[in-house]
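Trainee: Just passing along the structure, written as structure tokens.
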Amino acid sequence: MKQYIVDAFTDKIFSGNQAAICVLDSDSWPDEDLMKNIARENNFSETAFIMRESDRRYKLRWFTPGAEIDLCGHATLASAYVLLRFYERDSDKIIFDTMSGELIVNKHDDFLAMNFPVYDLTPVKVSDSMTQAIGFEPEAAFMGRDLMCVMKSPEQVINCKPDMNKVKTLEGLLLHITSRGTDGADCISRSFAPKIAVTEDPVCGSGHCHIAPYWSRVLNKKDITAYQASERGGWLYCSLESLESERVTISGKAALFSAADIFTSQHAAMCTGSF
């Protein structure tokens, strides 16, 4: 099995969000325990597995070190990058069949543009448990797949040191904190996912299916430039056809770090035993 490590939402390695992309050489999924073990071995926020269906069309699944997940932006972008660079060189479009339906990625110069579903956001009451978990009191909170807390300033987002044990007790799969942006960004954010064995997701594409639509409506802008203020950092360029759109286009760049072969039990004779 071929595996590529790609840094997504960046144009240089050692920044953005790392994803391991496993390209299957068969027409059936490996054993699920094997995929989970590979994800744990990589220990990135996501490892993606892609299986060819036809020209430009692939099945795609995403695994964190703790669980399979229903939607992942950065590993989708990284998967499209790998396919367009090494497997579909004459194409500028990849179609993925996923747990979240059909996802289309288009290449525009050095950018990859993903069309994703928007999560419905329901306002929820700011609670003491949110404040204690984050370390700052949010101005507002919303629930989609994840919990999104709106903070009072970019400094609170940047300086946040959340209590991960308390984050685990909050509703929602992930926790996103966000505020108005600075230095060319309409908004900034950070994302935490200790429930699925990811302390901080460096740049979260699916999180911006919550974050970008919210700021689009607040700022009355269809195009949102978003910065994820993790230690690695990354830029996402988000666009909605209308302020009430049910889909969002999230664009970014990617950089290849490595390419290698994975030796699983089928290859045990090649990678175990004596020299």
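Trainee: Which residue out of Glu102, Glu88 is more than 22 Å from Asn17 (Cα to Cα) and within 18 Å of the chain's Cα centre (by Cα)?
Mentor: Glu102
Trainee: If you don't mind, another one. Is it fair to say Ala141 is part of a strand (DSSP E or B), of a type in the set (Gly, Ala, Ser) and farther than 30 Å from Ile13 by Cβ?
Mentor: yes
Trainee: Considering each of Ala80, Ala141, Ala113 in turn, give the residue that is surrounded by 15 or more Cβ atoms within 10 Å (Cβ to Cβ), of a type in the set (A, V, I, L, M) and more than 26 Å from Lys2 (Cβ to Cβ).
Mentor: Ala141
Trainee: Report, by residue number, each residue of the stretch 233-260 that is surrounded by fewer than 14 Cβ atoms within 10 Å (Cβ to Cβ), more than 22 Å from Lys93 (Cα to Cα) and at pLDDT below 95.
Mentor: Within the stretch 233-260, Ser242, Leu243, Glu244 meet the criteria.
Trainee: Among the residues of the stretch 24-58, which ones are among the small types (Gly, Ala, Ser) and within 16 Å of Phe96 (Cα to Cα)?
Mentor: Answer for the stretch 24-58, where residues must be among the small types (Gly, Ala, Ser) and within 16 Å of Phe96 (Cα to Cα): Ser28, Ala48, Ser54.
Trainee: So in the stretch 38-49, with the set limited to residues that are part of a helix (DSSP H, G or I) and touching a residue at least 12 places away in the same chain (Cβ under 8 Å), which one is surrounded by the fewest Cβ atoms within 10 Å (Cβ to Cβ)?
Mentor: So the residue we want is Arg40.
Trainee: Name every residue in the stretch 94-110 that is surrounded by 14 or more Cβ atoms within 10 Å (Cβ to Cβ) and charged (D, E, K, R), in order of residue number.
Mentor: Scanning the stretch 94-110 gives Asp97, Lys107.
Trainee: Among (1) more than 21 Å from the chain's Cα centre (by Cα); (2) closer than 17 Å to Phe9 by Cα, which single condition is Asn220 missing?
Mentor: All conditions pass for Asn220, except number (2).
Trainee: Are there any pairs, at least 6 apart or on different chains, whose C-beta atoms fall under 9 Å, with the first in the stretch 212-224 and touching a residue at least 12 places away in the same chain (Cβ under 8 Å) and the second outside any loop (DSSP other than H, G, I, E, B) and exposed (fewer than 15 other Cβ atoms within 10 Å of the Cβ), and if so, which?
Mentor: Ser216/Asp223
Trainee: Of the residues that sit in the stretch 106-130 and are in a loop (DSSP other than H, G, I, E, B) and among the charged types (D, E, K, R), which one is nearest to Trp235 (Cα to Cα)?
Mentor: It comes out as Asp110.
Trainee: Do we have any residue at all in the stretch 26-37 that's at pLDDT 95 or above and part of a strand (DSSP E or B)?
Mentor: Checking the stretch 26-37: not a single residue is at pLDDT 95 or above and part of a strand (DSSP E or B).
Residues checked against (1) modelled with pLDDT under 95; (2) assigned to a strand (DSSP E or B):
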position: Lys59; (1), (2): no, yes
position: Leu71; (1), (2): yes, no
position: Thr76; (1), (2): no, no
position: Leu84; (1), (2): no, no
position: Ile104; (1), (2): no, yes
position: Gln132; (1), (2): no, no
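Trainee: From the residues in the stretch 147-206 that are under 19 Å from Leu219 (Cα atoms) and among the acidic types (Asp, Glu), which one is surrounded by the fewest Cβ atoms within 10 Å (Cβ to Cβ)?
Mentor: Asp183
Trainee: Have a look at Leu71, Leu83 and point out the one that is within 23 Å of Leu170 (Cβ to Cβ) and in the same structural domain as Ser45 (by TED's automatic domain parsing).
Mentor: Leu71
The values are calculated or read from the model by the stated rules, or taken from the named source; none is laboratory data. None of these values were measured; they are calculated from a predicted model. Note that we place each Cβ from the backbone using ideal geometry, even for glycine, and neighbour counts take in every protein chain shown.
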